[in-house]
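Heads up: the structure comes next, in structure tokens.
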Amino acid sequence: MSVETSAKEATGTEDDVVLEVRDARVTFDMERGESRVLDDVNIEIRRGEVLGVVGESGSGKSMFADSLLNAVVDPGQFSGQVIYHPKDDEPIDIHSLSPSDLKEIRWEEISFMVQGAQSAFNPTMTIESHFWETLNEHDYDIQEGMERARQLLSDLYLDADLVLDSYPHELSGGMKQRALIALSLILEPSVLVMDEPTAALDLLMQRSIISLLHRLKEKYDLTLVFITHDLSLVSDIADRLGVMYAFEFIELGPTEEILHHPSHPYTRALLNSVPNLATVEEEMKPIPGSAPDPVDIPTGCSYHPRCPLADEKCLQEDPTMLPVDDEHEAACFYRDEARDELPLNYLTDES
Ligand code: SF4
């Protein structure tokens, strides 16, 4: 594939980076004022990793996913860059592509399972027709593509013949979701972005899909971006976790580090608010206060109205990402104090 890019010189490409997000911002003009739903996000997604993106609803997770694929809906205004680094080709600035080049990149390089995607199946078409149509639209060899479809379906523990012959309503939620994962991988993308891929499924099916995704990732050498409000679920599969608050990342690091040494007061509150194996329900603490209004994001540190450690500095200055440990960073002036003074309700030996 040959696509013009303006990003080539700006990237400083590293081999292990597959997607590079720079100063990504999304705004909507509203009667009440400008709504900022993605706030100068910078992050590098590494080739072959599973990046879990977590946060409360309304924290900007879905807008981050939309931005990765230039799928922000009108009248949203995107500024910044999302640079895709193919393995053996020049970098590509996703937001500078023509509609036809963008169509090529989507599915073939970076595939996207949007939230509530099960309803994306056309109820009047069999599952096979969905595969056929996708292959045909992208000029893929149909026979080869259908063989891959069968393999993917069977990798997902589905009876390929049965599923391909079915209409969407004839499949259970779990089967439909697995068929959709197979469909998103039909054109051999290297990155799969999933927005709440297990929502609306029962707990057992959620766990089963997580383990299947892990196998697929290994087998097909995929990079996964897994966006969810369910921190305990994504922790089982993610190599790194990025925590979003007020439309930006406020903590990022290896999953084990984030779970055992969360250093941003919001991450600690988030972890205390979710069920996990070691927490009895009475000990789960909802986070006091509410998520910020995108038209009126607090000045200084956006978490200060809800933060028990906030002081005058937090009201005045907006912290950037600051180091905690190797590969672990948090946007808080008081990372050590957070760890010392804000207990976790599921760990007793944090050090
Ligand atoms: S910078 Fe201040 S307000 Fe923000 S999270 Fe840290 S302690 Fe809390």
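The values are calculated or read from the model by the stated rules, or taken from the named source; none is laboratory data. What you see is a predicted model, and the numbers here were worked out from it, not measured in a lab. All Cβ positions, glycine included, derive from the backbone under ideal geometry; neighbour counts span all protein chains shown.
All of Ala291, Ala310 fail the test of being hydrophobic (A, V, I, L, M, F, W, C) and either modelled with pLDDT of 90 or more or more than 16 Å from the ligand (Cβ to nearest atom) (or both), apart from Ala310. Where helices (runs of 4 or more DSSP H) fall entirely within the range 203-266, those with at least 1 residues that are within 19 Å of Asn345 (Cα to Cα) and at pLDDT below 95 are at 231-235, 255-260.
Tell me which of these Asn272 doesn't satisfy, since it passes every other one: (1) in contact with a Lys or Arg (Cβ under 7 Å, 6 or more places away or on another chain); (2) outside any loop (DSSP other than H, G, I, E, B); (3) modelled with pLDDT of 95 or more. Of everything listed in (1) in contact with a Lys or Arg (Cβ under 7 Å, 6 or more places away or on another chain); (2) outside any loop (DSSP other than H, G, I, E, B); (3) modelled with pLDDT of 95 or more, Asn272 misses just condition (3).
Hey, does the range 243-251 have a residue that's of a type outside the set (Val, Ile, Thr) and closer than 22 Å to Trp132 by Cβ?
no
Applying the criterion of being under 17 Å from Ala246 (Cα atoms) and of a type outside the set (Ser, Thr, Tyr) to the residues of the range 257-270, the residue that is farthest from the ligand (Cβ to nearest atom) is Leu270. Report yes if Pro86 is surrounded by fewer than 16 Cβ atoms within 10 Å (Cβ to Cβ) and touching a helix residue (DSSP H, G or I) at 6+ places or on another chain (Cβ under 6 Å), otherwise no. So Pro86 does not fit the description; no. Filtering the range 296-307 down to residues that are near the ligand (Cβ under 6 Å from one of its atoms) and either in the same structural domain as Leu38 (by TED's automatic domain parsing) or in a loop (DSSP other than H, G, I, E, B) (or both), which residue is nearest to Glu337 (Cα to Cα)? In this case the residue turns out to be Cys307.
Listed by position, the strands (runs of 3 or more DSSP E) contained in the range 31-116 that have at least 3 residues being modelled with pLDDT of 95 or more are 33-46, 50-54, 77-84. I'm checking my understanding of the structure. Among residues of the range 313-327 that are loosely packed, with under 15 Cβ neighbours inside 10 Å and near the ligand (Cβ under 10 Å from one of its atoms), which one is farthest from the chain's Cα centre (by Cα)? Within the range 313-327, the match that is farthest from the chain's Cα centre (by Cα) is Lys313.
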